[in-house]
Amino acid sequence: MNLFIGRARLGSDPVLAYVGEDKKPVLNVRVKSLDFKRSKANPYQWEDVGLWYDLALWNYPKEAQQLFKKGNAVFIKGSIYQRTDLETDKEYKKIDAEEMLPLTPMIQELVFLPTKKARRSEPSEQEE
């Protein structure tokens, strides 16, 4: 197994399952890595060369399912490996994720603080 650290986009909504006797929660989802390279035909254009993976996110609370939706960009850290089904000769690329974080922040409130320059130019309450 190799370490995967990178960005990806969710190809489907995550599906929550419980595995084993101790009912460990796991989120299963398809992701496509966000990898691009310059086009050989036109060096000013980029080609999408991302790969599709089956991702399993272990031991996250069930509320995490609501956090991730199809199309969201995410940051992933986990183990990556490839398996071949002996009956069909189909190759599967899989990531067992330790962490998956949204790249799109969910902002509820945004407050802009005055810059240092603006704070210095404002009269203080003591001067008044």
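The values are calculated or read from the model by the stated rules, or taken from the named source; none is laboratory data. None of the values given here were measured: they were computed from a predicted structure. As a convention, Cβ positions derive from the backbone with ideal geometry for all residues, glycine included, and neighbour counts pool all protein chains shown.
Here are a few things to note about the model shown:
- Selection count, the stretch 61-93, where residues are more than 22 Å from residue 24 (Cα to Cα) and assigned to a loop (DSSP other than H, G, I, E, B): 9
- Only one of 103, 55 that is at pLDDT 75 or above, under 11 Å from the mean Cα position of the chain (by Cα) and within 30 Å of residue 22 (Cα to Cα): 55
- Test: residue in the stretch 106-118 that is modelled with pLDDT of 75 or more and within 14 Å of the chain's Cα centre (by Cα): no
- Residue in the stretch 6-16 that is among the small types (Gly, Ala, Ser), modelled with pLDDT of 90 or more and touching a Phe, Trp or Tyr at 6+ places or on another chain (Cβ under 6 Å) present: no
- Identity of the residue in the stretch 26-52, of a type in the set (A, V, I, L, M, F, W, C) and touching a Lys or Arg at 6+ places or on another chain (Cβ under 7 Å), that ends up modelled with the highest pLDDT: 31
Condition check ((1) under 23 Å from residue 4 (Cα atoms); (2) among the basic types (Lys, Arg); (3) within 14 Å of the chain's Cα centre (by Cα)) across all residues:
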| position | (1), (2), (3) |
| --- | --- |
| 34 | yes, no, yes |
| 49 | yes, no, no |
| 67 | yes, no, yes |
| 75 | yes, no, yes |
| 87 | no, no, no |
| 97 | yes, no, yes |
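- Close pairs (6 angstrom Cβ cut-off, 6 or more residues apart or separate chains): touching a residue at least 60 places away in the same chain (Cβ under 8 Å) in the stretch 16-32, of a type in the set (S, T, N, Q) and assigned to a strand (DSSP E or B) anywhere: none
- For the stretch 58-100, taking the residues that are of a type in the set (Val, Ile, Thr) and loosely packed, with under 11 Cβ neighbours inside 10 Å, the one that is nearest to residue 16 (Cα to Cα) is identified as 84.
- Restricting 15, 49, 31 to residues that are surrounded by 14 or more Cβ atoms within 10 Å (Cβ to Cβ) and of a type in the set (Val, Ile, Thr) narrows the list to 31.
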